[in-house]
Structure formats: C-alpha cells, structure tokens
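Q: Below: one structure in structure tokens.
The values are calculated or read from the model by the stated rules, or taken from the named source; none is laboratory data. As the structure is a prediction and not an experimental result, all values here were calculated from the model. Note that we place each Cβ from the backbone using ideal geometry, even for glycine, and neighbour counts take in every protein chain shown.
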Amino acid sequence: MQVLAHPDDFVPRYNQLQANKQKNKAMLEAIKNVKQQLENSKLPLGAYHKRDAIPKYYIIRYGLQSLYHYDMPDAHRLMYTIRKSSSGGIEALFLELLSHDEHNKRFGHFKRKSH
C-alpha cells in the first residue's frame, strides 16, 4: 500500500518534528515504523472509527469514508484514512498527528471538572 501525507495538515507538523530530530527521535521513529508497516501490508493498523463516530470535521475537510488512528509515543494519535488511489489500488493518507488533548477536543471528549 502506498503511504502519503496530507500537505496542509500532516506535513507541517512532521517538519516541526524534523527540526529537532534528537528531541523527537521516538516520534519520528514511530512514524517511520507505521509507514513501513502500512507499505508492506494490505490491512490498516490501529483503531478503526465507525462512520457514525467520525467527527464532522474529518468528513467535511477530507471527504472521508474511513478513519483510523494509531497510538504513538507521548499519548499522541496518528490519524489516517485508507482510500482508493487514482490508479485503482489502495493508499493510506496520514492526516494529522494529534496530542491527547487535541484528539479529545476533535472527538468531543472533554475533561470533567473536579468538584
């Protein structure tokens, strides 16, 4: 499976990580490993989000039919989709790399206020 990265949403975050390779070594390695595993597989990795559980943000912004996430170091989530390529094969598209708080906000999960 071919693996691509969204130029507006994933690539800038990846470039930020690349700017300090030593500090972000674990995350960069994890991204590389997920990419390699997807390239050598015909099956997705990580957790699948049912269609009715996909936030409208993703459906509107990317026109998604499917959404997956893969747990990454430091409680981050790699959000990606699987779709048909223009050549008729399948490809994975890395959409975003979200922190735990960003993921909760995107999916409408909020921290409970303590009393």
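Q: Do we have any residue at all in segment 19-28 that's within 17 Å of H103 (Cα to Cα) and part of a helix (DSSP H, G or I)?
A: Within segment 19-28, one or more residues are within 17 Å of H103 (Cα to Cα) and part of a helix (DSSP H, G or I).
Q: Next question. Considering each of L38, L45, L67 in turn, give the residue that is surrounded by 13 or more Cβ atoms within 10 Å (Cβ to Cβ), modelled with pLDDT of 95 or more and touching a Phe, Trp or Tyr at 6+ places or on another chain (Cβ under 7 Å).
A: L67
Q: Shifting gears a bit: Taking segment 7-16 as the search range and keeping residues that are part of a helix (DSSP H, G or I) and in contact with a strand residue (DSSP E or B) (Cβ under 8 Å, 6 or more places away or on another chain), which one is surrounded by the most Cβ atoms within 10 Å (Cβ to Cβ)?
A: F10
Q: Another question, then. For Y80, work out the one condition from (1) under 18 Å from L4 (Cα atoms); (2) not in a strand (DSSP E or B) it doesn't fulfil.
A: Tallying (1) under 18 Å from L4 (Cα atoms); (2) not in a strand (DSSP E or B), Y80 fails exactly one: (2).
Q: Return yes when K105 is modelled with pLDDT under 95, more than 19 Å from A5 (Cα to Cα) and assigned to a helix (DSSP H, G or I) and no when it is not.
A: When the stated conditions are applied, K105 passes them.
Q: With the structure loaded, tell me whether D74 is acidic (D, E), touching a residue at least 24 places away in the same chain (Cβ under 8 Å) and assigned to a helix (DSSP H, G or I) or whether it fails that test.
A: Yes: the conditions hold for D74.
Q: Within segment 86-100, can one find any residue that is surrounded by fewer than 18 Cβ atoms within 10 Å (Cβ to Cβ), more than 14 Å from the chain's Cα centre (by Cα) and part of a strand (DSSP E or B)?
A: Yes: segment 86-100 contains one or more residues that are surrounded by fewer than 18 Cβ atoms within 10 Å (Cβ to Cβ), more than 14 Å from the chain's Cα centre (by Cα) and part of a strand (DSSP E or B).
Q: For segment 29-59, name all the residues that are under 15 Å from G108 (Cβ atoms), assigned to a helix (DSSP H, G or I) and not basic (K, R).
A: Listed by number, the residues that qualify are D52, A53, Y57, Y58, I59.
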